[in-house]
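Input: a single structure, listed below in structure tokens.
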Amino acid sequence: MNESTAIAITEQSQTGEARRASLALATRLGFEETERGKVGLLVTEVANNLIRHAGGGVVLLRALERNDIIGIEVLGLDQGSGMVDVEECLQDGFSTAGTSGNGLGAIRRLSDLFEIYSQPNKGTALLAHIWAKSSTHSPPKIIEIGVVALPKLGEEVSGDAWAWDGDEHRSLFLVVDGLGHGPAAASAATAAVRVFHDHHHQSPQRIIEAAHGALRSTRGAALAIAEINFEQQTVCFAGIGNIAASISSATEHHNLMSYNGTVGHEVRKIKEFTYPWYLNGLLTMHSDGISTQWNLDRYPGLSQKHPSLIAGVLHRDFHRERDDVTMLAAKGTGA
């Protein structure tokens, strides 16, 4: 349920493939018929826009869950000509492709959450959420989470995994990269996720120590855990191997420290580091399926967007096709 599904959109016929994939996901999640119809229509519009206005791109689908309500996240990513004025492009009747110009407006109307990030000549990222049913009593969210998690091209399962646990006092995040690719790597990652959930009440260091013992019969993994304490306004972080992590605010940036090693095999030292957390802070964590060369300063305004857009844009521009990929972004809401 945590993994994304990617559908490449390079020709018109693939819009149907995206629609069928979205309907299959909606059916599996238990969406009712009317809601499934909304999902299929929205994804069709997203795919059509990728063809008409960007010459192609990718649609990413991911299941969501909030307060026992199920939803679907749709990301449309392209590296096309982008938009100079996003608000103008959202108006019904506006078109740069000789169409009726109702696509983006229709997507916004069908969505429970809708955001766009676009840069001229660099591309556009579109985010839409549809929930199976609305919740009028949802408590305020302290943290928003966005993730792109995909297997290496040609693999059916990913050796990467991620997990989250938390409440109004703390949020705990895991990103793990099982050694290699395929089922054996996935087995190591799954074991790490299981340990994470079994020991979520403990500190990052203690969880990694437990995972080190539990992963001895597997290939092993690179693994990192970040704990945000909202009352103390701190981030406690521990990592082994090449999981990259950082904390950012409007004025600050910290790269988080990991030690070399492989959880389950050779770990010389496990140590926690404490960093400040900010009211509207941004935590990023990713496997080595994402290049570390990215810099949010090159994306004016992106840090103010939903973390799913942040994860989507960084995946679009910096993912390595020959590797599994997990890109996680978590953002404080100030609630």
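The values are calculated or read from the model by the stated rules, or taken from the named source; none is laboratory data. In this text the structure is predicted, and so the values were computed from the model without any measurement. Please note: Cβ atoms are built from the backbone with ideal geometry, for glycine as well, and neighbour counts cover all protein chains shown. Areas reflect the complete protein model, heavy atoms only, side chains present, ligands, DNA and RNA absent. Shrake-Rupley method; radii C 1.70, N 1.55, O 1.52, S 1.80 Å.
Put the Cα centre of segment 271-313 next to the Cα centre of segment 43-60 and the gap is 26 Å.
Shape class for segment 120-225, computed from the alpha carbon gyration tensor (a ≥ b ≥ c): oblate, with a/c not under 1.5 and a/b at or below b/c.
When the Gaussian network model of the chain links Cα atoms closer than 10 Å, the mean-square fluctuations of 21, 226, 149 top out at 21. Model label points for residue 210 and residue 272, set 7 angstrom from Cα along the Cα-to-Cβ axis, are 1.4 nm apart.
Largest GNM mean-square fluctuation across 313, 325, 195, computed for the chain with C-alpha springs under 10 Å, falls on 195. Residues considered: 298, 108, 52. Largest GNM mean-square fluctuation over the chain, using C-alpha springs under 10 Å, is found at 298. In the chain, the calculated helix contribution to ellipticity at 222 nm averages -8500 deg cm²/dmol per residue, counting -39,500 (n - 2.57) for every DSSP H run with n ≥ 4.
Name all residues of segment 146-186 having a backbone nitrogen under 17 Å from the label point set 7 Å from the Cα of residue 201 along its Cα→Cβ direction, giving them as ranges. Counting only backbone N, you get 165-172.
Label sites at residue 320 and residue 41, each approximated as a point 7 angstrom past Cα along Cα to Cβ, lie 4.4 nm apart. In the chain, the longest principal axis of the Cα atoms and the axis of helix 14-29 are about 60 degrees apart. Can you tell me the 0 to 90 degree angle between the C-alpha axis of helix 204-214 and the longest principal axis of the chain, rounded to 10? Orientation of helix 204-214: about 80 degrees from the principal axis. Cα to Cα, under 19 Å, and not fewer than 8 places away if on the same chain: which lysines meet these conditions relative to residue 133? Straight-line reach from residue 133, under 19 Å: 38, 141. Applying 1/(1 + (r/R0)^6) with R0 = 41 Å to the Cβ-Cβ distance of residue 231 and residue 11, what FRET efficiency is obtained, to the nearest 0.05? Efficiency for this residue pair is about 0.20. Note on segment 145-298: the C-alpha convex hull projects to 9.0 nm² when averaged across all orientations. Rolling a 1.4 angstrom probe over the chain with all protein chains present gives an accessible area of which 47% lies on carbon and sulfur atoms. Taken along the Cα-to-beta-carbon direction at a fixed 7 Å, the label points for residue 193 and residue 33 span 3.4 nm.
Sorted largest first, the principal axis extents computed over the alpha-carbon atoms of the chain equal 62, 41, 40 Å.
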